[in-house]
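Presented below is the structure to which this report refers.
The values are calculated or read from the model by the stated rules, or taken from the named source; none is laboratory data. If you're wondering where the values come from, they're calculated on a predicted model, not measured in any experiment. As a convention, Cβ positions derive from the backbone with ideal geometry for all residues, glycine included, and neighbour counts pool all protein chains shown. Calculation scope for accessible area: heavy atoms of the full protein, side chains included, ligands and nucleic acids excluded. Shrake-Rupley method; radii C 1.70, N 1.55, O 1.52, S 1.80 Å.
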Amino acid sequence: MLVTNNYKKALKEFDRTLRINPNHISTLVRRGQIYQLMLRYEDALKDFDRVIELDPNFTEALAIRGETYRLMQKYEEALQDFNRAIALNPNFDWALASRGQTYQSMERYEEALKDFNRAIKINSNLDWVLAGRGQTYQLMQCYKQALKDFDRAIKLNPGNAWALAGRGETYRLMQRYKQALKDFDCALEFNPNYAWALMTRGEVYLMLKRYNAALADFNRAIELEPNNDWCLYVRALAYQTLKQPEKARSDFAGAVKLAKERYKEDFQDWQNTFNLALYYLAVDYAPTAEQLYRYALSQSASLQHIQEAIRDLDDFLTIFPNHIQGRSLRQLLQSALTQ
């Protein structure tokens, strides 16, 4: 609330300045940044558009507008702005790293690495850039390189909750669960409302059969993000293991409903499609699950999404090792990797 009030106070001051001089560039930039922090992206874009109209070669404004587009998941527009900013200033480390994050979101990992490498060569002390490269390596399943980058980032900034959680996720994917827990614990000490870290620590607890601890983390994460379908799904798994079938059914139904809505909006969001298939499998709608898996495979879902779906099935089968349909569908996905 205090932060929100500070933003509102700042906006009033900027509005007052701009009434006197509507073309005051630095004030427009600062107001745009506040709008961006408030997630008012369209308002932010209007201010950055105006700044760039007044000064087409203002590299910082181009880069910040690119970042706004990135946050809006408008990646092509983001790339255009980052490209212009970097052409004007090839040593603009922040723009290079942000373009790297954009490429990462687009699953263009080799291009992301090139940008992170350039940014780190210019300034090797940017912990968030090292963590960004670490995340790219993690997505490429290059876990040793990922750990090296996260280690460096955390050494530079021990309070970087995002880097700690990223290293924790890497350890989780390597099934080094005790080390994963330590990192998630540290990340949550620095940011107790980090919903993703809570949810993922809960998943580690599930693998360790610490179901009540998992449930506590999922409950807290859902308080923070009530429309997170994956969190509803993993909480349902916890309820199922704790012999609370009614609560499990309710959460499974909620996860299916949210994922179905997203599927209707974009049936080529492969992560969501694979998630929805898994949710149907969990509620014993195996034919529907298989139909969704086969559809994603027939439409050339990316290798990364198939591998993630296999890992999610592996976790499901760790909890329910005798699930025959789960094993069959895992074999289906695995065979797609070898074709």
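What to note about this one:
- Residue list for the stretch 86-98, restricted to those being within 21 Å of the chain's Cα centre (by Cα) and open to solvent by 30 Å² or more (accessible area, probe 1.4 Å): Trp94
- Within the stretch 229-247, residues that are aromatic (Phe, Trp, Tyr) reach partners that are in a helix (DSSP H, G or I) with beta carbons closer than 6 Å, at six or more positions or on different chains, in the pairs Tyr233/Ala255; Tyr233/Tyr279; Tyr239/Lys247; Tyr239/Ala248.
- Checking Asn193, Asn212 one by one, the residue that is modelled with pLDDT of 95 or more and assigned to a loop (DSSP other than H, G, I, E, B) is Asn193 and no other.
- Enumeration of residues in the stretch 288-338 that are open to solvent by 50 Å² or more (accessible area, probe 1.4 Å) and among the charged types (D, E, K, R): Glu290, Arg294, Arg311, Asp314, Arg327, Arg330
- Identity of the residue in the stretch 19-66, more than 31 Å from the chain's Cα centre (by Cα) and acidic (Asp, Glu), that ends up least open to solvent (accessible area, probe 1.4 Å): Asp55
- Filter pass, Tyr143 being open to solvent by 20 Å² or more (accessible area, probe 1.4 Å), closer than 17 Å to Asp251 by Cα and either touching a Phe, Trp or Tyr at 6+ places or on another chain (Cβ under 6 Å) or not polar (S, T, N, Q) (or both): no
- Scanning the stretch 221-265 for residues that are under 20 Å from the mean Cα position of the chain (by Cα) and of a type in the set (Gly, Ala, Ser) turns up Ala221, Ala255, Ala259.
- Those residues of the stretch 72-123 which are basic (Lys, Arg) and not in a helix (DSSP H, G or I), in sequence order: Lys74, Arg108
- Filtered residues of the stretch 242-260 (kept if assigned to a helix (DSSP H, G or I) and either out of contact with any helix residue (DSSP H, G or I) (no Cβ under 9 Å at 6 or more places or on another chain) or not charged (D, E, K, R) (or both)): Pro245, Ala248, Ser250, Phe252, Ala253, Gly254, Ala255, Val256, Leu258, Ala259
- Subset of the stretch 215-229 (residues that are among the polar types (S, T, N, Q) and part of a helix (DSSP H, G or I)): Asn219
- Per the listing Leu232, Leu237, the residue uniquely closer than 25 Å to Met174 by Cα, in a helix (DSSP H, G or I), open to solvent by less than 50 Å² (accessible area, probe 1.4 Å) and touching a Gly at 6+ places or on another chain (Cβ under 8 Å) is Leu232.
- For Gln268: the one exception among (1) polar (S, T, N, Q); (2) assigned to a helix (DSSP H, G or I); (3) under 26 Å from the mean Cα position of the chain (by Cα): (2)
- Criterion (assigned to a helix (DSSP H, G or I) and within 21 Å of Asn219 (Cβ to Cβ)) met by exactly one of Phe150, Phe184: Phe184
- Just one residue in the set Gln179, Gln104 is at pLDDT 95 or above, polar (S, T, N, Q) and farther than 27 Å from Ala78 by Cβ; that residue is Gln179.
- Residue list for the stretch 211-229, filter: open to solvent by 30 Å² or more (accessible area, probe 1.4 Å), over 21 Å from Asn191 (Cα atoms) and of a type outside the set (Phe, Trp, Tyr): Asn212
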